[in-house]
1. Please verify whether residue B:110 is crowded, with 18+ Cβ neighbours inside 10 Å, at the interface with chain A (Cβ under 10 Å from one of its Cβ atoms), closer than 30 Å to residue A:205 by Cα and in contact with a strand residue (DSSP E or B) (Cβ under 8 Å, 6 or more places away or on another chain), treating the condition exactly as stated.
2. Please state which one of B:197, B:120 is without any contact (Cβ under 8 Å) to a residue 60 or more places away in the chain and either within 27 Å of the chain's Cα centre (by Cα) or at the interface with chain A (Cβ under 10 Å from one of its Cβ atoms) (or both).
3. Looking at A:203, A:218 in this structure, which one is assigned to a helix (DSSP H, G or I), more than 24 Å from residue A:60 (Cα to Cα) and touching a helix residue (DSSP H, G or I) at 6+ places or on another chain (Cβ under 8 Å)?
4. Assess whether residue A:53 counts as being surrounded by 24 or more Cβ atoms within 10 Å (Cβ to Cβ), assigned to a helix (DSSP H, G or I) and touching a residue at least 60 places away in the same chain (Cβ under 8 Å).
5. Here is a check on your reading of the model: is residue A:167 closer than 30 Å to residue A:81 by Cβ and outside any helix (DSSP H, G or I)?
6. Listed residues B:44, B:32; which is assigned to a helix (DSSP H, G or I), more than 17 Å from residue A:138 (Cα to Cα) and within 14 Å of chain A (Cβ to nearest Cβ)?
7. Can you pull out the residues in region A:196-222 that are closer than 11 Å to residue B:66 by Cβ, facing chain B (nearest Cβ under 8 Å) and surrounded by fewer than 20 Cβ atoms within 10 Å (Cβ to Cβ)?
């Protein structure tokens, strides 16, 4: 029989290697974040600032790639085929919202949807891959891959602990996720790009700077204003989309069945 | 006239990484402008200048505006004051910071977009498949890039169908929400159903394939290109260290 038709052997070495990759990625992310927040490097354009920008960019990107490599081989085929759909939904629904001048991003609906349907590992992988592929058209998003992974991870975690059992739990979970994502992503915006890339968000950062805040503090406050609201709406929309799925389809995801993600709405 | 560059996709990417890291570490206006000019010349030579300029301007215009707001309009440094009114303070140092940060981002954007325009997607997918990266990566990249136009077309068709049956034509926030729902729900349902069907077929074919397998598409590579890649990656790591090391002692 062809080896491709057999289930892959799950050796202890492979499991250990994946865990090691995941731990290294998480430590790199947390370590970089804490170093930046504690040391608060000054002079973002001078010599050392340029080094900090490069180091932050590289560390956040490397952490995201390590997490992706740790998670990817574990994902079942049904989840792998879902990820490209989620990436396309992120872009298409994000563009549709952008085209009607609504002041929201809503560019992570697909990532959250995968987190809800297939769990936090799949959500995190979707977040990283979505950013990597989107960077082919907008290279500035590359260091935000770790933040995108966190969105998917938190969506899966929220679904596992019952955020989809009542429609009003989902936006609350999104609000909490938005705070965490905003806090983790703001050092990238501050130290790599020296601010934000949007005029509206830039104006908010400028307002905080004029009140005497440091750049990191101003960018973090702006992120804490923008992200929780955006993620609350994204989580709510993704939850409503999951409710709209036929039970036959939502029940085909093991994560939904095993953790009774949809409660009484879900498959029996 | 359109020309093509027959380099291995990883060679283009590693050269781009080296260029961006060294230019960022050097922090020189002259070098930054030279890199951007070289990219524009190269894009012009391959016949993709207009596309590069349009894509780069779409990203860089809001970025420059934002940086001017943050650093130019409310400067906190002690350099020469140009204008001041209430909380607003425009200084030469603030404007210089905004422009330096903008140029740093511009190098990343222009070099990155040029890579996208130079690299053939099919070649990139084939190169990833032939590399030691997990086989899932190549599939996900290929599926995403080829699914995107298909889903955009599906979304347009759903929108036209809803318009023909005069559904979701209301105005205001309620109308917009209804329009989003009428377009998003069928799109998501149909796409998830397609993904589910595809997973059954892929699983039946033993995806992801283990071991070496033959590919119809060959990716042009050579010993020289492999050496160039290693040198570029070495420069990407060591270049910034060599440039920035003398500054560590001075601060």
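The values are calculated or read from the model by the stated rules, or taken from the named source; none is laboratory data. These figures come from a predicted structure and were not determined experimentally. We place every Cβ from the backbone using ideal geometry, glycine too, and count neighbours over all the protein chains shown.
1. The answer is no for residue B:110.
2. When all the criteria are applied, what remains is B:197.
3. A:203 is the lone residue from the list that is assigned to a helix (DSSP H, G or I), more than 24 Å from residue A:60 (Cα to Cα) and touching a helix residue (DSSP H, G or I) at 6+ places or on another chain (Cβ under 8 Å).
4. yes
5. It is true that residue A:167 is closer than 30 Å to residue A:81 by Cβ and outside any helix (DSSP H, G or I).
6. Going through B:44, B:32 in turn, the sole match is B:32.
7. Passing the criteria: A:198, A:199, A:203.
Yes or no, residue by residue, for (1) buried (at least 18 other Cβ atoms within 10 Å of the Cβ); (2) within 29 Å of residue B:62 (Cβ to Cβ):
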site: B:118; (1), (2): yes, yes
site: B:127; (1), (2): yes, no
site: B:134; (1), (2): no, no
site: B:139; (1), (2): yes, no
